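Structure first, then comments.
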Amino acid sequence: MDNADNPQQVIPTWVKHRALEIAGWVLVLIGIAALVLPGPGLLCVTAGLAILALRYPWAKRLLRPIKFRALRLASKGVQTWPRIIFSTLGGLSVIAMGIIWGIGFPAPGWWPLDSGWWLAGGWGTGVTLIASGGLALTMILYSFKRFHGQPPL
């Protein structure tokens with residue numbers, strides 16, 4: 001069927017499939033990079049696998065245990081108030097570090113390397129940290145609404 005027969009389908013199906021596939025692989029690659037750089041590495045890898053799972057059975061198989069473990073950890077993470085408080089403080093700390101990183105401060109006297117290596121990356125790294133902290137807080141809120149007060153998975 002071509003697009004002239006279906007006027008509502010402006011973007012061909014094959015373009016949609018390729019765009020999703022590219023988005024999935026890009027997220028997986030960004031996630032792998034973020035495993036060693038500041039950023040939500042595991043979350044990006046998982047999001048990329050989720051997109052690829054729409055198209056590939058192997059990605060769906062890889063995603064199942066990750067999804068189960070993530071939901072179990074999310075459930076356990078909001079069972080007690082100390083866990084909720086410390087998780088929230090952790091997310092806020094990451095945001096604060098992003099702001100500090102972005103503003104930048106002179107290298108302290110004890111810093112053994114060239115001062116250019118102190119808080120390298122500037123606002124690029126800072127914004128990534130701020131986004132990571134915001135994402136963490138969002139996930140804590142989601143987990144609290146979904147799992148708090150229920151038996152852990």
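Taken together, the residues in the range 103-140 that are within 22 Å of Leu43 (Cα to Cα), β-branched (Val, Ile, Thr) and open to solvent by 40 Å² or more (accessible area, probe 1.4 Å) amount to 4. Within the range 68-96, the residues that satisfy the criterion of being assigned to a helix (DSSP H, G or I) and in contact with a Ser or Thr (Cβ under 8 Å, 6 or more places away or on another chain) are Ala70, Ala74, Ser75, Gly77, Val94. One residue stands out among those in the range 30-41 that are surrounded by fewer than 14 Cβ atoms within 10 Å (Cβ to Cβ) and not in a loop (DSSP other than H, G, I, E, B): the one that is modelled with the highest pLDDT, which is Ala33.
Being touching a Phe, Trp or Tyr at 6+ places or on another chain (Cβ under 6 Å) and of a type in the set (Gly, Ala, Ser) is a property that Ser87 lacks. When every residue of the range 95-102 is checked against the conditions, none turns out to be at pLDDT below 95, surrounded by fewer than 16 Cβ atoms within 10 Å (Cβ to Cβ) and closer than 30 Å to Ala19 by Cα.
If the condition is being open to solvent by less than 60 Å² (accessible area, probe 1.4 Å) and under 29 Å from Gln150 (Cα atoms), then the range 54-65 contributes Leu63, Pro65. Counting the residues of the range 1-29 that are at pLDDT 90 or above and open to solvent by 90 Å² or more (accessible area, probe 1.4 Å) gives 4. Scanning the range 54-67 for residues that are assigned to a helix (DSSP H, G or I) and either touching a strand residue (DSSP E or B) at 6+ places or on another chain (Cβ under 9 Å) or aliphatic (A, V, I, L, M) (or both) yields Ala59, Leu62, Leu63, Ile66. Every condition in (1) in contact (Cβ under 8 Å) with a residue 24 or more places away in the chain; (2) closer than 22 Å to Thr80 by Cβ; (3) within 15 Å of the chain's Cα centre (by Cα) holds for Thr138 except the one numbered (1). Please find, among Ala96, Ala34, Ala70, the residue that is closer than 29 Å to Pro151 by Cα and touching a helix residue (DSSP H, G or I) at 6+ places or on another chain (Cβ under 9 Å). Going through Ala96, Ala34, Ala70 in turn, just one is closer than 29 Å to Pro151 by Cα and touching a helix residue (DSSP H, G or I) at 6+ places or on another chain (Cβ under 9 Å): Ala70.
The values are calculated or read from the model by the stated rules, or taken from the named source; none is laboratory data. Since we're looking at a predicted model, the values are computed, not measured. Because the Cβ atoms are built from the backbone with ideal geometry, glycine has one as well, and the counts that use them run over all protein chains shown. Just so you know, the surface numbers come from the protein's heavy atoms only, side chains and all, with ligands and any DNA or RNA stripped out. Shrake-Rupley method; radii C 1.70, N 1.55, O 1.52, S 1.80 Å.
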